[in-house]
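First comes the structure, then the notes that go with it.
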Amino acid sequence: MTTVQQAFLGSFEKELIAEIEEVSVVKQFKAGEIIMDIGQYIKAMPLVLDGVIKIIREDKKEGELLLYFLEKGDTCALSIACCVGSKKSEIRAIADVHTTVAMIPNQYLDSWMGTYKTWRNYVLESYSNRLNELLSTVDNIAFSQMDVRIMNYLKEKASIRNSQKIEITHQVIANDLNTSRVVVSRILKSLENQGKILLQRNNINLL
DNA sequence: TCATTAACACGGG
DNA sequence: CCCGTGTTAATGA
């Protein structure tokens, strides 16, 4: 299992890592498990030690949309604001694969900003990273056709997994991109005909 | 025109 | 048999 040390050795000073290890609670989530749901009050900030988390926005009318992924070493920037203001979560976080996170109780977040420069930088940088990812997601939705969006989705999945093979069903892609499975199936089929991918049951190969 | 919905057949596990 | 997949026909934006 990945420890806080292994995930953050390069980014935090030893004292901070020691303090994180002391106060945080390490939790594991299986693929598909909900880590944080919409409307929930957030009392701890998650640091991703291992695995991948999907951050999803949901409309009232059961519309779902993937915002971005969190990987090893990332944190959910939205949760920081929620923790400090003890507000409800606006998003849903789901474990995409088996995932390990360190939950830091919110009373430490503020004081560490003053005490540890690396922590301060990490939080600020995390904000800017998430914002950039959000922007490219918005660009994708606003300016790209569904076939491009699906291609980008597949590429992102592949790079996160470090594999050209993606284990996923058409329905899940449809949910993440907020469209119907018929469209996903049709576009995947045409991508296959173009020689860009190879389709198997529960499996997509990028070429 | 293109997405969605519903419905159906096919096939693998 | 159940689920994922591929396709079609009808409907809507």
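The values are calculated or read from the model by the stated rules, or taken from the named source; none is laboratory data. These numbers were taken from a predicted model, which means no experiment stands behind them. Neighbour counts are summed over all protein chains in view; Cβ atoms, including those assigned to glycine, are modelled from backbone coordinates with ideal geometry.
Table for the structure above
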| read-out | value |
| --- | --- |
| In the range A:38-65, the residues that are among the acidic types (Asp, Glu) and either at pLDDT below 90 or touching a Phe, Trp or Tyr at 6+ places or on another chain (Cβ under 6 Å) (or both) | A:Glu58, A:Asp59, A:Glu62, A:Glu64 |
| Any hit, the range A:166-181, residues being more than 16 Å from DNA strand C (Cβ to nearest atom), closer than 16 Å to A:Asn205 by Cα and assigned by TED's automatic domain parsing to the domain that holds A:Glu192 | no |
| Criterion: part of a helix (DSSP H, G or I), within 19 Å of A:Glu71 (Cα to Cα) and within 16 Å of DNA strand C (Cβ to nearest atom) - qualifying residue of A:Leu135, A:Leu154 | A:Leu154 |
| Residues of the range A:110-139 satisfying the condition of being β-branched (Val, Ile, Thr) and surrounded by 12 or more Cβ atoms within 10 Å (Cβ to Cβ) | A:Thr115, A:Thr118, A:Val123, A:Thr137 |
| Flag if A:Ser79 is hydroxyl-bearing (Ser, Thr, Tyr), out of contact with any Pro (no Cβ under 8 Å at 6 or more places or on another chain) and without any contact (Cβ under 8 Å) to a residue 60 or more places away in the chain | no |
| Given (1) touching a residue at least 40 places away in the same chain (Cβ under 8 Å); (2) crowded, with 16+ Cβ neighbours inside 10 Å, index of the condition A:Lys165 fails | (2) |
| A:Thr179 vs. criteria more than 11 Å from DNA strand B (Cβ to nearest atom), hydroxyl-bearing (Ser, Thr, Tyr) and either surrounded by 16 or more Cβ atoms within 10 Å (Cβ to Cβ) or modelled with pLDDT of 90 or more (or both) | no |
| Sole residue being within 16 Å of DNA strand B (Cβ to nearest atom), loosely packed, with under 14 Cβ neighbours inside 10 Å and farther than 17 Å from A:Leu70 by Cα, chosen from A:Ala174, A:Ala142 | A:Ala142 |
| Some residue of the range A:23-32 being part of a helix (DSSP H, G or I) and surrounded by fewer than 16 Cβ atoms within 10 Å (Cβ to Cβ) | yes |
| Of all residues in the range A:74-98 being small (Gly, Ala, Ser) and surrounded by fewer than 17 Cβ atoms within 10 Å (Cβ to Cβ), the one that is farthest from A:Gly32 (Cα to Cα) | A:Gly85 |
